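> My questions will all concern the structure given below.
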Amino acid sequence: MTALARVYRWEIAKLLAQKRTYLGLGTAIAVPIVFVVVLVLQRGGPNDVPLGRYIRDTGLAVPFVVLFFMSIWGLPLITALVAGDIVASETHNGTLKTILTRSRERGEVFAGKTLATATYTLVLVFAMGLVGLVAGSVAWGFHPLTSLSGTKVSAGHGLVLLLASLAVYALPLAGIAAFAVLLSTVTRNSAASVVGALMWALLMQLLGVLPGTEGIRPYLLGTQFEAWHGFLRTPADWAPVIRAIWLCALYIGLPLIGACLVFLRRDVAGE
Amino acid sequence: MSDAPPVETRGLVKRYGEIVAVDHVDLSVEPGDVFGYLGPNGAGKTTSLRIMLGLIRPTAGSARLHGRDPLIDGAKALEGVAGFVEAPRFYPYLSGRRNLRLLADYDEPVSRARIDEVLELVELRDRAKDRVGGYSHGMRQRLGIAAALLRAPRLLLLDEPTTGLDPAGMRDMRELVRRLAGEGITILLSSHLLHEVEELCNRVAIIRRGAIVYQGRLRELLSRAASTYRLNALEPERARAVLLAHSGVGGVRLDGSALRFSAEEEVVAALTVALGQARVAFTALVPETATLEELFLGMTDGESSDHDRPAAVAV
């Protein structure tokens with residue numbers, strides 16, 4: 001096992017030993033289950049959201065609808081909960097000096113933390129999506145899905161579209177995670193980083209709904225949470241997906257470069 | 001590189017705005033030294049140690065460990081080096097054993113037996129499965145030593161390792177340091193207890209307001225003060241006149257019935273003859289050896305810390 005792999009493994013082990021990780025994961029799993037239970041017990045549904053009107057037709061529609069609702073603040077919050085703590089917790093515990101006086105370079109430590117954050121973000125999205133699929137299928141079965149263009153998509157193909165959508169959805173979430181890592185590195189304060197990252201996500205959402213922002217709307221981070229809609233059109237619309245990929249590369253890359261530069265050069269005193 | 005001293009700093013400076021925390025510090029620790037690093041709180045000891053370990057960047061100057069500068073060579077400069085600054089810190093939600101395993105993996109993975117061995121050495125094996133969050137201060141200090149020993153170091157940097165320990169813990173820690181030094185490990189020890197340094201160290205550096213005011217062998221430092229003598233004469237005024245007339249005698253002063261003066265040993269021998277020839281009777285002529293504490297207070301203008309204790313000066 002390489003040195004970086006060992007650092008990464010321990011970053012994951014540290015996450016698995018902390019309550020906030022389970023709080024985030026638990027929420028991601030609980031939300032689709034509660035959503036399905038409520039819809040089973042109630043009449044009506046979220047008819048004004050993408051795929052909302054088909055939610056009782058197939059379990060495949062559930063994760064897409066949950067993705068929509070959770071993109072506003074739910075997933076950004078539980079992502080920032082861990083990402084904003086990933087460096088700041090070392091400051092809080094005073095352990096940065098402990099690990100930085102071993103044999104690993106600062107760059108390796110930062111890379112391990114970044115990879116662990118990315119892993120957590122991916123696990124959140126896929127856990128939420130797959131639990132939603134299972135809960136929805138238990139309630140309403142695993143049937144063909146009606147696409148956003150109104151055409152029927154087989155259940156098998158729908159599953160592929162769901163996995164692709166989850167992967168694209170994870171990109172803007174990783175952008176929020178990267179911003180939280182930046183704040184965590186710069187402020188060295190967990191609460192400030194979590195709140196700051198959430199504010200960043202909400203600001204992006206707010207800019208997207210304000211009048212007069214139509215010109216910049218396609219390039220806002222919040223807009224990229226809708227890129228998966230392109231997969232559910234017939235034929236598939238790749239434009240929003242491709243835009244999400246390159247834009248999110250910037251939203252992820254720039255904060256991480258900044259965080260890495262700060263991490264490499266910072267004085268570690270009393271932490 | 002093998003001939004390079006374990007620790008060598010040249011013109012080390014660290015400024016925080018207007019404050020100069022470390023002011024042109026030149027330190028040299030030789031192989032096999034147990035080197036005491038002394039100074040009042042805020043004198044710059046911990047800042048110097050942090051620079052040596054690559055945790056903070058100096059404003060000017062360099063710090064080399066076995067010839068390698070952490071600023072240039074990164075983590076490679078810490079090969080064969082271990083220790084801690086301030087109190088050793090661990091992940092409170094992991095057990096003592098898991099913390100050690102994590103730290104070992106940040107070096108090269110070690111066997112379970114090796115971890116057991118160091119836990120045994122610091123007498124923590126029975127508590128190895130407990131979370132560090134529940135450890136006492138003393139246990140964390142010992143775990144810090146265990147974490148350092150996992151690296152099989154040639155150089156140990158220990159920042160006040162007995163701080164906060166009870167008397168038995170302090171004794172055990174000193175015993176451990178003595179044992180490690182006996183195994184040939186070079187130790188740089190900043191201690192807040194002067195008698196501890198006197199007991200353990202062969203060389204010392206005293207730092208005051210960021211600058212080194214003394215560096216050298218402890219024995220030589222102590223012998224500096226040994227050139228002070230006390231003379232109890234039956235006729236102090238006549239004895240004083242003899243002292244003042246004798247070449248090589250200085251700092252003569254009368255404290256009550258005792259005369260105090262400084263002179264080299266051979267001058268004192270000649271002085272006894274002179275006193276006899278002048279028919280000045282005396283009942284005692286004894287060297288007065290200052291303690292390290294007295295010397296330290298003299299060099300640091302009596303600066304002390306918040307942790308002053310009756311029998312020891314915190315530095």
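> Which value, to two decimals, describes the C-alpha radius of gyration of chain A once divided by 2.2 N^0.38 Å? List each step's numbers first, then the result.
Values: Rg = 19.6 Å, N = 271, 2.2 N^0.38 = 18.5 Å.
Relative to the 2.2 N^0.38 Å estimate, chain A comes out at 1.06.
> Let me ask you something else. Do you know the Lys pair count in the protein assembly as shown for C-alpha distances under 17 Å, with sequence separation 8 or more or different chains?
Working: A:K14/A:K97; A:K14/A:K113; A:K14/B:K129; A:K97/A:K113; A:K97/B:K45; A:K97/B:K76; B:K14/B:K45.
For the protein assembly as shown, qualifying lysine pairs total 7.
> Per residue of A:262-269, count partner chain C-beta atoms within 10 Å of its C-beta, then hand back the mean as an integer.
Details: counts 0, 0, 1, 1, 3, 8, 6, 10.
Average neighbour count from other chains, rounded to a whole number: 4.
> Right, another one. How far apart, in nanometres, would the label points at B:L285 and B:D73 be if each is projected 7 angstrom from Cα along the Cα-to-Cβ direction?
5.5
> Let me ask something else. Can you compute the modelled spin-label distance between A:M199 and A:V262, with each label point 7 Å from Cα toward Cβ, in nm?
Going from the A:M199 label point to the A:V262 one covers 1.3 nm.
> Name the most mobile residue of A:H157, A:H92, A:H143, meaning the one with the largest mean-square fluctuation, in a Gaussian network model of chain A with Cα contacts below 10 Å.
In this elastic network of chain A, the residue with the biggest mean-square fluctuation among A:H157, A:H92, A:H143 is A:H157.
> Quote the Stokes-Einstein diffusion coefficient, in whole µm² s⁻¹, for chain B, based on the Kirkwood radius over alpha carbon pairs, a temperature of 20 °C and a viscosity of 1.002 mPa s. Spell out each step's value before the answer.
Working: Rh = 21.8 Å.
Diffusion coefficient, whole number: 98 µm²/s.
> Roughly speaking, what is the centre-to-centre gap between segment B:24-40 and segment B:107-131 when only Cα atoms are used, to the nearest Å?
What the calculation gives is 30 Å, centre to centre.
> Would you work out which of B:L49, B:L103, B:V22 lies farthest towards the positive end of the dipole of segment B:1-157, given +1 charges on the beta-carbon of Lys and Arg and -1 on that of Asp and Glu, about the Cα centre?
Result: B:L103, furthest along the dipole toward the positive end.
> Can you pull the one-decimal nm distance between simple spin-label points at B:R219 and B:E30, each 7 Å off the Cα toward Cβ?
1.1
> With an 8 Å cut-off on Cα pairs and a minimum separation of 6 or more residues, tell me the relative contact order of segment B:229-295 in percent. Working shown, then result.
On the way: 88 pairs, mean separation 30.3, N = 67.
Reported relative contact order: 45 percent.
> Could you work out the relative contact order of chain B, using alpha carbon pairs under 8 angstrom and six or more residues apart, expressed as a whole percent?
On the way: 598 pairs, mean separation 63.1, N = 315.
Computed value for chain B: 20 percent relative contact order.
> For the protein assembly as shown, what is the percent of antiparallel DSSP beta bridges, rounded to the nearest 5?
Details: 37 of 54 bridges.
Taking every DSSP beta bridge within the protein assembly as shown, about 70 percent pair in antiparallel fashion.
> I've got another one for you. Picking from A:I242, A:I176, A:I55, which is most flexible by a Gaussian network model of chain A using Cα springs under 10 Å?
Among A:I242, A:I176, A:I55, the largest GNM mean-square fluctuation belongs to A:I242.
> Any chance you could check the Cα centroid distance between segment A:153-193 and segment B:273-290 for me, in angstrom?
Cα centroid of segment A:153-193 versus Cα centroid of segment B:273-290: 87 Å apart.
> Working from the alpha-carbon coordinates of segment B:111-204, get Rg over Rh, Rh being the Kirkwood radius.
Details: Rg = 13.2 Å, Rh = 13.8 Å.
Checking Rg against Rh, the ratio lands at 0.96.
> Suppose we keep just the alpha-carbon trace of the protein assembly as shown; what are its Rg and Dmax in angstrom?
33.9, 126
> Could you tell me, in Å, what Rg and Dmax come out for the Cα atoms of segment B:107-149?
10.1, 28
> Which of A:P144, A:P32, A:P235 ends up with the largest GNM mean-square fluctuation for chain A, with Cα atoms connected below 10 Å?
Its mean-square fluctuation being the largest, the pick is A:P235.
> Taking the Cα centre as origin and putting +1 on Lys and Arg beta-carbons and -1 on Asp and Glu beta-carbons, what dipole magnitude results for chain B, to the nearest 20 debye?
620
None of the figures in this text is laboratory data; all of them are computed from the coordinates on show. From a predicted model like this one, the values you see are computed outputs, not experimental measurements. Glycine gets a Cβ as well: all are built from the backbone with ideal geometry, and neighbour counts include every protein chain shown.
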